[in-house]
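Enquirer: Got a structure here, written out as structure tokens. Questions coming.
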Amino acid sequence: MPKFWRSWMYWLDPYHYVIEGLVTVQLHDIEVRCASDEFSIFNVPVGQTCQQYASEFLKTATGYINNPYATEACQYCQYSKGQDFYEGLNMDFEHRWRNVGIMCLYLCTNVVLVTLGVKYYRNNRR
């Protein structure tokens, strides 16, 4: 999204709060298991296992090694929990009630504006 729009329109869009609420509540603490075609495959130097080779990387990265004791064709899945996915999108499970409040405020504002619009701008053509 271009910076001009991202700086203000992103925060005014009610769908941002709907999507954040739905995604974080549904994926929070869900264990992720990659399918066989979803792994990133890499090889290790001779004499090391997948776990030994990737241990420093896994201290800071999300995900898991599917075959930690293998010596070739190591299988890495980038997600191990559901929040690993949505944290990269700047979503947070702690915002769920804030998002509900914003959506209620948005809904009430729209109802009030439509009601006032109908009351004051209705043209009777009889």
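Just so it is clear, none of the values below were taken in a lab; they were calculated from the coordinates. All values reported here derive from a predicted model rather than from experimental measurement. No Cβ is skipped: glycine too gets one built from the backbone with ideal geometry, and neighbour counts run over all protein chains shown.
Enquirer: Work from the charge dipole of segment 1-92 (Cβ charges, +1 for Lys and Arg, -1 for Asp and Glu, about the Cα centre) and give the residue of Trp5, Phe42, Ile65 farthest towards its positive end.
Expert: Trp5
Enquirer: Can you tell me the relative contact order of segment 41-123? Whole percent, Cα pairs under 8 Å, sequence separation 6 or more.
Expert: Numbers: 71 pairs, mean separation 18.7, N = 83.
Rounded, it is 23 percent for segment 41-123.
Enquirer: What distance in nm lies between label points placed 7 Å from Cα along the C-beta direction at Tyr69 and Val114?
Expert: 6.3 nm
Enquirer: Can you give the direction-averaged projected area of the convex hull of the alpha-carbon atoms in the chain, in nm²? Please report the intermediate quantities before stating the final value.
Expert: On the way: hull surface 52.3 nm².
Average projection, Cα convex hull of the chain: 13.1 nm².
Enquirer: Averaging over every viewing direction, what projected area does the convex hull of the Cα atoms of segment 32-80 cover, in nm²? Before the final figure, lay out the partial values.
Expert: On the way: hull surface 12.1 nm².
Averaged projected area of segment 32-80's Cα convex hull equals 3.0 nm².
Enquirer: Return the unpartnered cysteines for the chain, using a Cβ-Cβ cut-off of under 4.7 Å.
Expert: Cys104, Cys108
Enquirer: A further question on this structure: Hydropathy first: keep DSSP H helices in the chain averaging at least 0.5 on Kyte-Doolittle, then drop any whose Cα extent along the axis falls short of 24 Å, and list what survives.
Expert: Values: long enough: 96-121 (37 Å, 0.80).
Flagged H segments are 96-121.
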